[in-house]
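Shown next, in structure tokens, is the structure this report addresses.
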Amino acid sequence: MNINNIYIQDISQICDNKLNINILRADVLDPVVSGNKWFKLQFYVRDAITAGKTTLATFGGPYSNHIVATSTYGASMGLHTVGFIRGEKPVALSPTLTDALENGMTLHFISRQDFEQKEKIISHNQDPNWAWIPEGGYGVTGAKGAKSMLTIKDTTPFDTIICAVGTGTMMAGLIKAAAPHQKVIGLSVLKNNISINAEIKALLTPEESKKDFEIIHGYDFGGYAKHTPALVSFMNDCYKNMELPLDFVYTAKLLYGVQDLASKEKFDPTSKILIIHSGGLQGNRSFKKGTLCF
Ligand SMILES: *Cc1c(COP(=O)(O)O)cnc(C)c1O
């Protein structure tokens, strides 16, 4: 894990060079511990160690970037990890869960119904040595970690920061980090997730809530982790033309959305845009071999 590997790539060609568009390549941090998950986890892990905990416990789906990141990060810090996984145990484990197991994570499969009641899961699994991390790293602690994504490189020349939004924890961190001349735009990858605005604000101070930010809906491609042939061919084009690998759950929808918004003149022609590549490439392993050219 070396944050010095992270760099900024000019991808203005995605809008025929009509705008200045760059991307922060946080995906290169690690192929599995995708960019933003490591950042969101850092203070949860530090706090757990400070409190003398031996185990990280968290939640996620069978392809969860957060689950595999927690298993890798926890193991690297000498902590045990426990993952409560949504749904019945499948006959064949996903590559994500196989990695998590190999990293030493204990997996508990929870029916979809019971998975919705996280408080119950926590109360049935009380252990003083465990530190619980909310699903997706959602929380002020996660946002504080994501804040440092904007300080790895000099991001002050940019006036528009754009990211994908799941739980909104990363976006909250970027809003915290944003300078007065910067606007943060988030593209939601969940369908009609109208509560996201309040969920992000819950992670901000009243002062931070007054900063310039906007959440855009409509680029979910049918919902979380859904995809279409158009999205897949967009991903292949981005790789062929710019050597830019994208994941289908978050960053492909993000880039597609930015290109579409640019074509609709959403952005001022003088704006300097920085897109956040938050990683997630491990999730592409759920595609059939040969679907993607990378
Ligand atoms: C989890 C994830 C996100 C969403 O982050 P949130 O903080 O939950 O909004 C975006 N991109 C990638 C690649 C992710 O894995």
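Please give the number of the condition TYR63 fails out of (1) within 12 Å of the ligand (Cβ to nearest atom); (2) in a strand (DSSP E or B).
(2)
Within the stretch 254-269, is even one residue in contact with a helix residue (DSSP H, G or I) (Cβ under 8 Å, 6 or more places away or on another chain) and within 13 Å of the ligand (Cβ to nearest atom)?
Within the stretch 254-269 (the criterion being in contact with a helix residue (DSSP H, G or I) (Cβ under 8 Å, 6 or more places away or on another chain) and within 13 Å of the ligand (Cβ to nearest atom)), the answer is yes, since at least one residue qualifies.
Out of LEU255, LEU231, LEU203, LEU244, which single residue is in a helix (DSSP H, G or I) and closer than 23 Å to PHE39 by Cβ?
So the residue among LEU255, LEU231, LEU203, LEU244 that is in a helix (DSSP H, G or I) and closer than 23 Å to PHE39 by Cβ is LEU255.
Select, from ALA164, ALA131, ALA177, the only residue that is over 27 Å from ILE85 (Cα atoms) and touching a Leu at 6+ places or on another chain (Cβ under 8 Å).
It is ALA177.
Run down ILE215, ILE185 and say which single residue is assigned to a strand (DSSP E or B), farther than 25 Å from ASP30 by Cβ, assigned by TED's automatic domain parsing to the domain that holds LEU261 and touching an Asp or Glu at 6+ places or on another chain (Cβ under 8 Å).
Exactly one residue qualifies, and that residue is ILE185.
What number of residues within the stretch 148-164 are away from the ligand (no atom under 12 Å from the Cβ) and assigned to a helix (DSSP H, G or I)?
The qualifying residues number 3.
If we keep just the residues of the stretch 171-189 that are without any contact (Cβ under 8 Å) to a residue 60 or more places away in the chain and closer than 18 Å to LEU261 by Cβ, which is nearest to the ligand (Cβ to nearest atom)?
Taking the candidates together, the pick is MET171.
Identify, please: which residue in the stretch 270-286 is assigned to a loop (DSSP other than H, G, I, E, B) and over 17 Å from the mean Cα position of the chain (by Cα) and is, among those, nearest to the ligand (Cβ to nearest atom)?
SER271
From the list THR167, THR141, pick out the single residue that is assigned to a loop (DSSP other than H, G, I, E, B) and either hydroxyl-bearing (Ser, Thr, Tyr) or at pLDDT below 95 (or both).
Checking each option against the conditions leaves just THR167.
For TYR224, all conditions in the list (1) within 25 Å of GLU135 (Cα to Cα); (2) away from the ligand (no atom under 13 Å from the Cβ); (3) not aliphatic (A, V, I, L, M) hold save one; what is the number of the exception?
(2) is the only condition that TYR224 fails.
Residues of the stretch 12-55 being under 30 Å from THR270 (Cβ atoms), away from the ligand (no atom under 12 Å from the Cβ) and part of a helix (DSSP H, G or I), which ones?
Once the filter is applied, which keeps residues that are under 30 Å from THR270 (Cβ atoms), away from the ligand (no atom under 12 Å from the Cβ) and part of a helix (DSSP H, G or I), the stretch 12-55 yields SER12, GLN13, ILE14, CYS15, VAL28.
The values are calculated or read from the model by the stated rules, or taken from the named source; none is laboratory data. Given the structure is predicted, the values throughout are model-derived calculations rather than measurements. Glycine gets a Cβ as well: all are built from the backbone with ideal geometry, and neighbour counts include every protein chain shown.
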